[in-house]
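One structure is given below, encoded as structure tokens.
The values are calculated or read from the model by the stated rules, or taken from the named source; none is laboratory data. Quick caveat, the model's predicted, so the values are computed rather than measured. In this analysis, Cβ positions are derived from the backbone assuming ideal geometry, glycine residues included, and neighbour counts consider all displayed protein chains.
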Amino acid sequence: MKSLIVLLIAFCISLSAIAQSISVFDAARQNNLDEIKAFVAGKNNIDTLNNGGHSLLILAAYNNSAGVVKYLIENKANLEIQDKSGNTALIGAAFKGYTNIAELLLKNGANPNKLNFNSANALFFAVTFGHQALVELLLKYKVVTNQKDRFGKTALDHALIQENQAIIGILKAAR
């Protein structure tokens with residue numbers, strides 16, 4: 001009976017830990033700064049990953065949770081941590097077109113040339129999804145424009161495929 005009680009207590013503690021992990025990732029997505037602060041104050045790993053390999057910073061950046069992104073940066077979250085596809089918080093912001101988040105990351109040292117597992121940097125995502133302001137921002141931070149992805153294409157090639165004349169012009173002028 002004693003061992004059954006101990007097992008039941010251990011199970012409840014495990015469920016509590018799982019619930020906390022789930023809620024902290026949701027907090028990052030929902031810009032719930034109070035929950036993130038409580039998580040960090042509890043001496044938890046600020047760079048903890050969910051099952052998809054996403055850190056709190058990646059999720060916050062991808063969901064435009066500016067307050068959480070700023071707080072995580074101030075508390076030394078790893079700006080270069082990569083998910084299971086090799087994407088960083090900056091790549092997530094570039095994909096979604098969140099210039100404000102990308103600028104916050106870049107100002108604090110995020111590497112604009114970090115490659116995902118397809119050999120693409122943030123510029124590829126900004127170009128492919130037509131985020132002109134983000135392309136301009138990445139160029140200010142010296143993003144490599146002649147990087148080739150695993151298909152042998154550059155960001156300019158992707159702009160040509162998308163027929164985005166404004167971005168084509170920007171990239172040609174940056175050569």
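Annotations for the structure displayed:
- Pairs meeting the criteria (first residue in the range 88-103 and closer than 13 Å to Leu137 by Cα, second residue among the β-branched types (Val, Ile, Thr), beta carbons under 7 Å, at least 6 apart or on different chains) are Ala93/Ile101; Ile101/Val69.
- The range 1-105 holds helices (runs of 4 or more DSSP H) entirely within its bounds, and those carrying 1 or more residues that are modelled with pLDDT under 95 map to 2-29.
- Positions within the range 149-175 being surrounded by 16 or more Cβ atoms within 10 Å (Cβ to Cβ) and within 12 Å of Ala120 (Cβ to Cβ), in sequence order: Asp149, Lys153, Thr154, Ala155, Asp157, His158
- Some residue of the range 70-83 being over 30 Å from Gly152 (Cα atoms) and among the basic types (Lys, Arg): yes
- Test: residue in the range 142-153 that is part of a helix (DSSP H, G or I) and at pLDDT 95 or above: no
- Index of the failed condition, Pro112 passing every other in (1) surrounded by fewer than 21 Cβ atoms within 10 Å (Cβ to Cβ); (2) in a loop (DSSP other than H, G, I, E, B); (3) under 20 Å from the mean Cα position of the chain (by Cα): (1)
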